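Asker: Quick one: structure below, then a few questions.
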Amino acid sequence: MTETGKDGLKTVSLLVENKPGVLFRVVSHFKRRNYNIESIAVGPTEDKTVSRIVITMVADRRSMNSFVRLLRRTIDVLDVKTVEEDEVVARELALVKISARDRDAREQAIAYAKSRGAKVAELTETTVVLEVSDTFERVEDFINSASGFNVSGISRTGVTVIEKQ
């Protein structure tokens, strides 16, 4: 199970039928057991009838194993895997909006993005929207390091994974 920056942070990947109600059934297990979802990413796979749900949560190994067994018994869940960090490519995308009313502030934000491998997603007279896509830890570090700017908004996708092999 992956440890991504916090003690006890685990990631699970599910393949599910791509139809109404499946996501609700999966997520309702978290509420009933009082688990908090740290991040969730959902989307169709190469087979449009199947979706992948990637959920990051805080749990110990025993609780996680029990939870995985429960998810496997859920209607329309086809497969459940705990994610081992060395077996997957894991990424998260974040958009960070910086209020920058003068040219110098905008140029500093752009230079910051370039120095950290981020992109400028949008540039206006008053804001710069930066886009960073990387591991959970690097996205978290990028956001924390941007605190010196006038950050006016952050939106994150949550971690998504795909097996290397």
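The values are calculated or read from the model by the stated rules, or taken from the named source; none is laboratory data. Remember, predicted model here, so these are calculated numbers, not experimental data. When we count neighbours, we look across all protein chains shown, and the Cβ atoms used for this are built from the backbone with ideal geometry, even at glycine.
Asker: Sort through Thr127, Thr135 and tell me the only one that's within 30 Å of Ile53 (Cα to Cα) and surrounded by 12 or more Cβ atoms within 10 Å (Cβ to Cβ).
Answerer: So the residue among Thr127, Thr135 that is within 30 Å of Ile53 (Cα to Cα) and surrounded by 12 or more Cβ atoms within 10 Å (Cβ to Cβ) is Thr135.
Asker: Further question on the same structure: Any residue in the stretch 73-83 that is surrounded by 13 or more Cβ atoms within 10 Å (Cβ to Cβ), free of Cβ contacts under 8 Å to residues at least 60 places away in the same chain, assigned by TED's automatic domain parsing to the domain that holds Gly153 and not in a strand (DSSP E or B)?
Answerer: No, the stretch 73-83 has no match at all.
Asker: Considering Gly8, Gly21, Gly43, which residue is within 14 Å of the chain's Cα centre (by Cα) and either surrounded by fewer than 19 Cβ atoms within 10 Å (Cβ to Cβ) or among the hydrophobic types (A, V, I, L, M, F, W, C) (or both)?
Answerer: The match here is Gly43.
Asker: Still on this structure, please answer the following. If I filter the stretch 115-153 down to residues being in contact with a helix residue (DSSP H, G or I) (Cβ under 6 Å, 6 or more places away or on another chain) and in a strand (DSSP E or B), which single residue comes out as nearest to Asp104 (Cα to Cα)?
Answerer: So the residue we want is Val128.
Asker: Name the single residue, out of those in the stretch 56-98 being in contact with a Phe, Trp or Tyr (Cβ under 8 Å, 6 or more places away or on another chain) and modelled with pLDDT of 95 or more, that is farthest from Gly158 (Cα to Cα).
Answerer: So the residue we want is Ile98.
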